[in-house]
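S.K.: Attaching a single structure in structure tokens format; questions to follow.
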Amino acid sequence: MKFIHAGDLHLGNPFGGLSMTPDWLTDQLQAATETAVHRLVDDAITAAVDFVVLAGDLFDTTTPDARAQLDLVRELERLATENIPVYVGFGNHDYVLDWQRVPTFPKNVTLFPKDVTTYHMQTKNHESVAISGFSYTQRHITTDQVAEFPIKSTQDDWHIGIYHGSMGEVGSGNYAPFNLQAMQQKHYDYWALGHIHVRETLQKKPFIGYSGSIQGLDKTETGAKGYYMVESEGNELVPTFTPVAPITWVTAEVRTERDLSTVVQYVRGQFAMKDEFELISLNLITEDPNVLSAIVNQQLLAQFVAAAQTTDMFFIYEIQAQTQEQHLPLPAVDERYWSETIGDVFTREQLQKMGLKQVTDVDVLDHFLNAQTLQALQEAVKTQLHLSQIGDEYHVD
Ligand SMILES: [Mn+2]
């Protein structure tokens, strides 16, 4: 038997966090999640899977626009034509306020109701499969839903659980906090999880894990994105990650001593040979004071945007300056100490001591010391601390 496990499609997501986006790129971004879903459906048909499981957050919001709705209906109809059933649990982003307002999906689609429910189906090889799941009907579920799932019956060859939520103690979260042992005790062959956008395996055998988002939605969702193709091997269900996202968020490092007149052309040349489109956060390692200055006042980014071509397979959306010195990772200090002391720490003397020795341009130094930069720096530190404290949870809401 063979099925697809996907989640967090987030159709209709606005691709936040990009400034200075040319029109041609806006169109590509808007189509990215649609393209990823289209590729998944192509693969489902080619592989002739027995069914598809969608573990929540199909839409980015609970009131998706007509384009997002029509697109999903059209893709599900392609699966209907091939008689491929689809099992859907709605998540915290597309929770069902009113079942009357859910788009009319074709008959191959089974929607899980609010309460945990189990459906049965037969694979092409006449294996019996039980599929259990539920849908969000409000933004938050604070209780563990695992207890409501039935234990696997000896009548079924396979039992699959669909669960949109995050691991945690009861009372610790708003996304149906669950405990791994409770899942293990159901003796299922596979738990298809949704909600966490980073691909993550909580248990290898039998598999319990997240397929991650199908398309990276913002700069925190870097790297390849896609779905799991799951196949039976003996009495096991084994997932294989399959990338389908047409656009990937990446961080790239370029070291150059080119001056301001040639640096854009040189860096663009480094990214010329890409198969799939990349949104690049560029770390430019340079000691050239004019280039450094153009980075901090955003002029260099504007030059890259102006030089971008519709035929490019990349777009540089932000640039950070890096000097040759190694930067040690920040210790996990409480963010409030940063708020209190950042003004004292970032003085001209300190900056020069800390690696900006070669920077003699007063404008550059002043930029580092002005209130706006300090504020941005403080925000960046907070974000980073926040990320390291809460890990994957950051990627969710
Ligand atoms: Mn999500």
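The values are calculated or read from the model by the stated rules, or taken from the named source; none is laboratory data. Quantities reported herein were computed from a predicted structural model and do not represent experimental measurements. Don't worry about glycine lacking a Cβ; one is built from the backbone with ideal geometry, like all the others, and counts go over all protein chains shown.
S.K.: Here's a check for you: in the stretch 81-106, which residue that is assigned to a loop (DSSP other than H, G, I, E, B) and within 19 Å of Leu40 (Cα to Cα) is farthest from the ligand (Cβ to nearest atom)? Show your work before the answer.
M.R.: Just the residues of the stretch 81-106 that are assigned to a loop (DSSP other than H, G, I, E, B), to begin with: 82-85, 89-98, 102-106.
With the extra rule that they be within 19 Å of Leu40 (Cα to Cα), the set shrinks to 82-85, 89-90, 105-106.
Values: Glu82: 27, Asn83: 29, Ile84: 23, Pro85: 23, Gly89: 12, Phe90: 11, Phe105: 20, Pro106: 24 Å.
The residue in question is Asn83.
S.K.: Kindly list the number of the only condition in (1) more than 16 Å from the ligand (Cβ to nearest atom); (2) part of a loop (DSSP other than H, G, I, E, B); (3) β-branched (Val, Ile, Thr); (4) within 15 Å of the chain's Cα centre (by Cα) that fails for Val170.
M.R.: (4)
S.K.: Find the residue count for the stretch 98-117, including only residues that are surrounded by 14 or more Cβ atoms within 10 Å (Cβ to Cβ) and out of contact with any helix residue (DSSP H, G or I) (no Cβ under 6 Å at 6 or more places or on another chain). Can you show your working first?
M.R.: Within the stretch 98-117, the first condition is being surrounded by 14 or more Cβ atoms within 10 Å (Cβ to Cβ), and the residues that meet it are 102-103, 105-106, 108-114, 116-117.
Then keep just the ones that are out of contact with any helix residue (DSSP H, G or I) (no Cβ under 6 Å at 6 or more places or on another chain); that gives 102, 110-114, 117.
Residues flagged as surrounded by 14 or more Cβ atoms within 10 Å (Cβ to Cβ) and out of contact with any helix residue (DSSP H, G or I) (no Cβ under 6 Å at 6 or more places or on another chain) within the stretch 98-117 amount to 7.
S.K.: Given Leu76, Leu58, which one is modelled with pLDDT of 95 or more and within 16 Å of the ligand (Cβ to nearest atom)?
M.R.: Numbers: Leu76 fails: within 16 Å of the ligand (Cβ to nearest atom).
Just one listed residue meets the conditions, Leu58.
S.K.: Which members of the stretch 1-32 meet the condition of being assigned to a strand (DSSP E or B) and touching a helix residue (DSSP H, G or I) at 6+ places or on another chain (Cβ under 7 Å)? Before you say what the answer is, go through the steps one by one.
M.R.: Applying the first criterion (assigned to a strand (DSSP E or B)) to the stretch 1-32 yields 2-6, 11.
Across the stretch 1-32, the qualifying residues are Lys2, Ile4, Ala6, Leu11.
S.K.: Please go through the stretch 131-184 and give me each residue that is in contact with an Asp or Glu (Cβ under 9 Å, 6 or more places away or on another chain), surrounded by fewer than 17 Cβ atoms within 10 Å (Cβ to Cβ) and of a type in the set (A, V, I, L, M, F, W, C), ordered by number.
M.R.: Those that are in contact with an Asp or Glu (Cβ under 9 Å, 6 or more places away or on another chain), surrounded by fewer than 17 Cβ atoms within 10 Å (Cβ to Cβ) and of a type in the set (A, V, I, L, M, F, W, C): Val170, Ala182.
S.K.: Consider Ala252 against the criteria (1) under 28 Å from Asp43 (Cβ atoms); (2) under 27 Å from the mean Cα position of the chain (by Cα); (3) surrounded by fewer than 19 Cβ atoms within 10 Å (Cβ to Cβ): it satisfies all of them except one. Which criterion is unmet?
M.R.: So Ala252 meets the others, but not (1).
S.K.: What is the residue count in the stretch 1-20 for residues that are of a type outside the set (A, V, I, L, M, F, W, C) and either free of Cβ contacts under 8 Å to residues at least 12 places away in the same chain or away from the ligand (no atom under 12 Å from the Cβ) (or both)?
M.R.: Of all residues in the stretch 1-20, those of a type outside the set (A, V, I, L, M, F, W, C) come to 2, 5, 7-8, 10, 12-14, 16-17, 19.
Those still in the list that are either free of Cβ contacts under 8 Å to residues at least 12 places away in the same chain or away from the ligand (no atom under 12 Å from the Cβ) (or both) too: 2, 5, 12, 14, 16-17, 19.
Summing the residues that are of a type outside the set (A, V, I, L, M, F, W, C) and either free of Cβ contacts under 8 Å to residues at least 12 places away in the same chain or away from the ligand (no atom under 12 Å from the Cβ) (or both) in the stretch 1-20 gives 7.
S.K.: Same structure again: Condition check: surrounded by 15 or more Cβ atoms within 10 Å (Cβ to Cβ), among the charged types (D, E, K, R) and assigned by TED's automatic domain parsing to the domain that holds Tyr188. Does Glu82 satisfy that?
M.R.: On the way: surrounded by 15 or more Cβ atoms within 10 Å (Cβ to Cβ): no; among the charged types (D, E, K, R): yes; assigned by TED's automatic domain parsing to the domain that holds Tyr188: yes.
No, not satisfied.
S.K.: Here is a further query. Sort out which residues of the stretch 247-300 are among the basic types (Lys, Arg) and either touching a helix residue (DSSP H, G or I) at 6+ places or on another chain (Cβ under 9 Å) or part of a loop (DSSP other than H, G, I, E, B) (or both), and write them in order of number. Explain how you work it out, then say what you get.
M.R.: Restricting attention to the stretch 247-300, the residues satisfying the condition of being among the basic types (Lys, Arg) are 255, 258, 268, 274.
Passing the criteria: Arg258, Arg268, Lys274.
S.K.: Another question, then. For the stretch 195-221, what are the residues that are at pLDDT 95 or above and of a type in the set (S, T, N, Q)?
M.R.: Answer for the stretch 195-221, where residues must be at pLDDT 95 or above and of a type in the set (S, T, N, Q): Thr201, Gln203, Ser211, Ser213, Gln215.
S.K.: Which residue out of Ala66, Ala47 is more than 16 Å from the ligand (Cβ to nearest atom), assigned by TED's automatic domain parsing to the domain that holds Asp218, more than 21 Å from the chain's Cα centre (by Cα) and free of Cβ contacts under 8 Å to residues at least 24 places away in the same chain? First the steps, then the outcome.
M.R.: Details: Ala47 fails: free of Cβ contacts under 8 Å to residues at least 24 places away in the same chain.
Of Ala66, Ala47, the one residue that is more than 16 Å from the ligand (Cβ to nearest atom), assigned by TED's automatic domain parsing to the domain that holds Asp218, more than 21 Å from the chain's Cα centre (by Cα) and free of Cβ contacts under 8 Å to residues at least 24 places away in the same chain is Ala66.
S.K.: Quick check on Ala32: is it within 16 Å of the ligand (Cβ to nearest atom), touching a strand residue (DSSP E or B) at 6+ places or on another chain (Cβ under 7 Å), under 16 Å from Thr310 (Cα atoms) and in the same structural domain as Val230 (by TED's automatic domain parsing)?
M.R.: Details: within 16 Å of the ligand (Cβ to nearest atom): yes; touching a strand residue (DSSP E or B) at 6+ places or on another chain (Cβ under 7 Å): yes; under 16 Å from Thr310 (Cα atoms): yes; in the same structural domain as Val230 (by TED's automatic domain parsing): yes.
Yes: the conditions hold for Ala32.
S.K.: While we're looking at this one, here's another question. Return yes or no: is Gly56 crowded, with 17+ Cβ neighbours inside 10 Å and assigned to a loop (DSSP other than H, G, I, E, B)? It would help to see each step written out before you state the result.
M.R.: Working: crowded, with 17+ Cβ neighbours inside 10 Å: yes; assigned to a loop (DSSP other than H, G, I, E, B): yes.
The answer is yes for Gly56.
S.K.: Another one. Taking the condition of a type in the set (Val, Ile, Thr), assigned to a strand (DSSP E or B), within 21 Å of Val244 (Cα to Cα) and away from the ligand (no atom under 16 Å from the Cβ), does Val41 pass?
M.R.: Values: of a type in the set (Val, Ile, Thr): yes; assigned to a strand (DSSP E or B): no; within 21 Å of Val244 (Cα to Cα): yes; away from the ligand (no atom under 16 Å from the Cβ): yes.
Spelling it out, it is not the case that Val41 is of a type in the set (Val, Ile, Thr), assigned to a strand (DSSP E or B), within 21 Å of Val244 (Cα to Cα) and away from the ligand (no atom under 16 Å from the Cβ).
S.K.: Yes or no: Thr137 β-branched (Val, Ile, Thr), in the same structural domain as Ala6 (by TED's automatic domain parsing), touching a residue at least 24 places away in the same chain (Cβ under 8 Å) and more than 16 Å from the ligand (Cβ to nearest atom)? Working first, answer last.
M.R.: Details: β-branched (Val, Ile, Thr): yes; in the same structural domain as Ala6 (by TED's automatic domain parsing): yes; touching a residue at least 24 places away in the same chain (Cβ under 8 Å): yes; more than 16 Å from the ligand (Cβ to nearest atom): yes.
In short, yes.
S.K.: Here is a further query. Which one of these does Tyr163 not meet: (1) assigned to a loop (DSSP other than H, G, I, E, B); (2) within 16 Å of the ligand (Cβ to nearest atom)?
M.R.: The failed condition is (1).
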